Amino acid sequence: MTCASCVRRVENVLKKQPGVVDATVNLATEKVLITPGTPVELADIINAVSDAGYTPVTAETELLVTDMSCASCVRRIESTLTAIPGVLSASANLATGKVNVSFLPEMTNEARLRKSIFGIGYHLKDKDTTKAGGNDINDHLLEDEMRSLKMEVTTAASFTIPLAFIAMGPMIFPGLDEARHMDNLGGSIINWIQLMLATTVQFLAGRRFYRQGWAELKHINPGMSSLVMLGSSAAWIYSTLVLLTPDIFPSGTRHLYFEASAVIITLVLFGRFLETKAKGKASDAIRKLAQLQSKKALVLRDGQQVEIAIDAVIKGDQILIRPGERIPVDGVIESGWSYVDESMITGEPIPAEKHVGSEVVGGTINKTGSFTFTATRIGAETTLARIIKLVEQAQSSKPPIQQLADKIAGIFVPTVLAISAVVFLVWLSIGPQPSLNYAFVSAISVLLIACPCAMGLATPTAIMVGTGKAAELGILFRKGTAMETLAGIDVMLMDKTGTLTRGQPELTDILAIDTDEENLLMLVAAAESHSEHPLAYAVISEAKKRGILFPQPDSFTAQPGFGIAAGVAGKLVQIGAERYMELIGVPCNSAQMADEWSAQGKTPLYIAIDGRLSGVFAVADPLKAGSPEAIEAIHAMGIQTAMITGDNQLAASAIGRQVGIQRILAEVPPDRKAQEVRRLQSDGHRVAFVGDGINDAPALAQADIGIAIGTGTDVAIETGETILMSGDPRAIANAVALSRRTLRTIRLNLFWAYAYNAALIPVAAGALYPVAGQLLNPMLAAAAMSFSSLLVISNSLRLRSFKPTLAIH
């Protein structure tokens, strides 16, 4: 596929297939996403694409099964494989033990095929490489296309250079002009040499334009290949007729344009070569992510260390990791301790400390110590595989701005053909003599200069590079539409706990009234050891940090919403809010510090021992590092901020003041968060919601765009359209800045694509002839057409140099 017309043609053909509800094609990734209404036959899809003149990408592999024993084994293996989505055919040979499988690499891969056979009880011989799908195949396809284009460009240039020398020879050797002049020497050997050279370029090096161009015309949906085919063929046919039958042309019009046809083909091929090379750079992010995947894993089995292929790892395997090694799959550390570099996953440059019970992510690099971990997620379930899939989905999606561009491109080429015909007739009718020459040159120039390539590449290349860069920064967009939506929001509504704060309460202050601090902490920790309240965790953590040992309580009761009571070392310890003290009749007048703590956003815990107030603890959920910076950067972008929380107004306002939030929505229960989002939307705001918990999922879904903190729950991550892998609030500002930069790049690309055509089509038609006295040379038109596509891609590649608004430390 080469231009926006190709996109429209493939989409239209596929939408006509039975069962297909929608089909969305991405020019930059060369992928199509099909939405079926009823079961769709893949063979019909592939045939439809082939009939449209394109070649669907399929892959074949050979599996070696060691224990097939009868015809039923053959049938069982074949039926199991063909039931896998994406498998086109499977043929097992009982005699050789070989199974040949044809499949779509975008839907499945060899690893999945091997696992399905293993799952029904058969064994396969290991291969050095078991990754036959996905990016490996895409990389090979890109390399094949580059080799093919390089060969075609070399062939075209080899014949075009001597042809151009002959054509321009009279400027250097005046005697050649006499030999080339068709009015005097109709059959000059030099002219026949030109025909031979031009024909080789036209039909050997340029055969791809005929193959694709005829398919486009056959489906009455002309595109770039049609324009190049018609323009270069017109020059070749005209010149050939002049050479073979000069008498049918009026005197003064017998000119040869062989060099024009050859140079056109050569320039377009060279432009396509550079374009393909640049498109390869646009997908570097996916390639880099895929390269993070380890090929081998050192597994502990039966007390022995065994190195196996990554695809042979199963859940529950014990895997040994040594310093400097890449972690193969996701898991939980069972023994050992280390620091792990997770920068390619989270965007955070500082290695994370890992110990027993810590989760590790496949693709990250162990830095210092050794450890053993249990594999919990493998294959497509791993964090890295899910990230790659999300980035691919984002790159393949089509934002609204691209859908509009595609509609325009759908009528663009037919319009250009009509303009070319009108230009030809106008010059032929009223142009100066020889009018046929003027008409011919102008019509060909219009055909060649008006290529829709730049229109088709303007959006997808920017989305590819932008989403890839985002992944490097630990920001994942589920689809390209998310970038466009995020760039246009005017209100950022953020949950407090786990988003702006750490989500883990800490004991910040202790006021001991009639006992010493350590004894008070020991009694409270003992009482709270049976409580499941988050505030209890803060007290117990502080006691452990100080090395204070505490006994188990003799008795324990809890009054939800008030507090707890426990018997510890013969004393009655009662802990709770001020209302609990009022309930049990303990006065709180002596604890004036509690009011100051409340004003600072801290939660006071009152402690009564044997019916007397003995102390007050302050517990707070500390702000995340970078929260104030993030809010300041968001404000600088002209976006309003609001915080939503279930906390009381006093505590919420205190947090809001610390981070600089403009609006505080306090005492909002979880089930009303989505309602608050709707209220803001009804006021005309475009709202982004940032959250991390299960109770945030409805609000994430209701918002114009949901931003999920990646360190939060799976439900929130699955609901959000944008995911921040690091959980650092500064990534919110970075995500908005990158989205806006990407949208600006798309708009600039589209402006260039349309302005280019609006300005140069009149020039090609001869608008400057009255002033300059010359027409645009078709060869220059072909060069300008190639340049427009390269400019659009190069502009998109500038996104790779995007610097985050805020550095994440």
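Are there strands (runs of 3 or more DSSP E) fully within segment 606-710 with at least 1 residues that are open to solvent by less than 50 Å² (accessible area, probe 1.4 Å), of a type outside the set (S, T, N, Q) and within 30 Å of E582 (Cα to Cα)? List them.
Output list reads 612-620, 640-644, 663-665.
Six or more apart or on different chains, Cβ under 7 Å: which pairs go from a residue in segment 141-164 that's open to solvent by 60 Å² or more (accessible area, probe 1.4 Å) to one that's of a type outside the set (F, W, Y)? Could you list them?
As it stands, the answer is L141/V57; E145/T276; F159/L197; F159/T200; F159/V201; F159/A262, since those pairs meet every condition given.
Out of all the residues in segment 539-562, is one or more open to solvent by less than 20 Å² (accessible area, probe 1.4 Å) and in contact with a Pro (Cβ under 8 Å, 6 or more places away or on another chain)?
No: zero hits.
With a cut-off of at least 2 residues that are over 30 Å from A608 (Cβ atoms), name the strands (runs of 3 or more DSSP E) lying wholly within segment 427-542.
Counting at least 2 such residues, we get 475-477, 491-495.
For L63, are the conditions met, namely being part of a helix (DSSP H, G or I) and touching a helix residue (DSSP H, G or I) at 6+ places or on another chain (Cβ under 9 Å)?
no
Can you name every residue in segment 761-772 that is aliphatic (A, V, I, L, M) and either surrounded by fewer than 21 Cβ atoms within 10 Å (Cβ to Cβ) or over 18 Å from V441 (Cα atoms) (or both)?
Within segment 761-772, I761, V763, A767, L768, V771, A772 qualify.
Within the group V32, V57, V25, which residue is in a strand (DSSP E or B) and either open to solvent by 60 Å² or more (accessible area, probe 1.4 Å) or at positive phi (or both)?
Sole residue among the options that is in a strand (DSSP E or B) and either open to solvent by 60 Å² or more (accessible area, probe 1.4 Å) or at positive phi (or both): V32.
Please work out which one of (1) touching a residue at least 12 places away in the same chain (Cβ under 8 Å); (2) within 29 Å of R272 (Cβ to Cβ); (3) surrounded by fewer than 13 Cβ atoms within 10 Å (Cβ to Cβ) is the condition N12 fails and give its number.
Going through (1) touching a residue at least 12 places away in the same chain (Cβ under 8 Å); (2) within 29 Å of R272 (Cβ to Cβ); (3) surrounded by fewer than 13 Cβ atoms within 10 Å (Cβ to Cβ) one by one, N12 breaks only (3).
Take segment 188-209 and flag every residue that is among the hydrophobic types (A, V, I, L, M, F, W, C) and modelled with pLDDT of 85 or more. Reasoning before the result, please.
Start the filter on segment 188-209 by keeping residues that are among the hydrophobic types (A, V, I, L, M, F, W, C), which leaves 189-190, 192-193, 195-198, 201, 203-205, 209.
Once the filter is applied, which keeps residues that are among the hydrophobic types (A, V, I, L, M, F, W, C) and modelled with pLDDT of 85 or more, segment 188-209 yields W192, I193, L195, M196, L197, A198, V201, F203, L204, A205.
Cβ-Cβ distance below 8 Å, separation of 6 or more or different chains: which pairs start in segment 318-332 with a residue that is in contact (Cβ under 8 Å) with a residue 24 or more places away in the chain and end on one that is among the acidic types (D, E)?
Hits for this filter: Q318/E334; D330/E359; D330/E381; G331/E359; V332/E359.
With respect to A458, determine if the residue is out of contact with any Gly (no Cβ under 9 Å at 6 or more places or on another chain) and open to solvent by 10 Å² or more (accessible area, probe 1.4 Å). If you could, list the steps in order and put the result at the bottom.
On the way: out of contact with any Gly (no Cβ under 9 Å at 6 or more places or on another chain): yes; open to solvent by 10 Å² or more (accessible area, probe 1.4 Å): no.
Considered against the rule, which asks whether it is out of contact with any Gly (no Cβ under 9 Å at 6 or more places or on another chain) and open to solvent by 10 Å² or more (accessible area, probe 1.4 Å), A458 comes out as no.
Taking the condition open to solvent by less than 60 Å² (accessible area, probe 1.4 Å), part of a helix (DSSP H, G or I) and either in contact with a Cys (Cβ under 6 Å, 6 or more places away or on another chain) or modelled with pLDDT under 75 (or both), does I717 pass? Step through it out loud before you land on a result.
Working: open to solvent by less than 60 Å² (accessible area, probe 1.4 Å): yes; part of a helix (DSSP H, G or I): yes; either in contact with a Cys (Cβ under 6 Å, 6 or more places away or on another chain) or modelled with pLDDT under 75 (or both): yes.
Answer is yes for this residue.
Restricting to segment 510-538, name every residue that is under 23 Å from G561 (Cβ atoms) and open to solvent by 40 Å² or more (accessible area, probe 1.4 Å).
Matches in segment 510-538: H530, E532, H533, P534, Y537.
Search segment 1-49 for residues being touching a strand residue (DSSP E or B) at 6+ places or on another chain (Cβ under 7 Å) and polar (S, T, N, Q), and hand back the single one that is nearest to L790 (Cα to Cα).
It comes out as T24.
Identify, by number, the condition in (1) open to solvent by less than 30 Å² (accessible area, probe 1.4 Å); (2) over 30 Å from T2 (Cβ atoms); (3) in contact (Cβ under 8 Å) with a residue 12 or more places away in the chain that S435 doesn't meet.
(3)
The values are calculated or read from the model by the stated rules, or taken from the named source; none is laboratory data. Predicted, not measured: the structure shown is a model, and the values here were computed from it. Ideal geometry is used to build each Cβ from the backbone, glycine not excepted, and the neighbour counts take in all protein chains shown. SASA here: full protein model, heavy atoms, side chains in, ligands and nucleic acids out. Shrake-Rupley method; radii C 1.70, N 1.55, O 1.52, S 1.80 Å.
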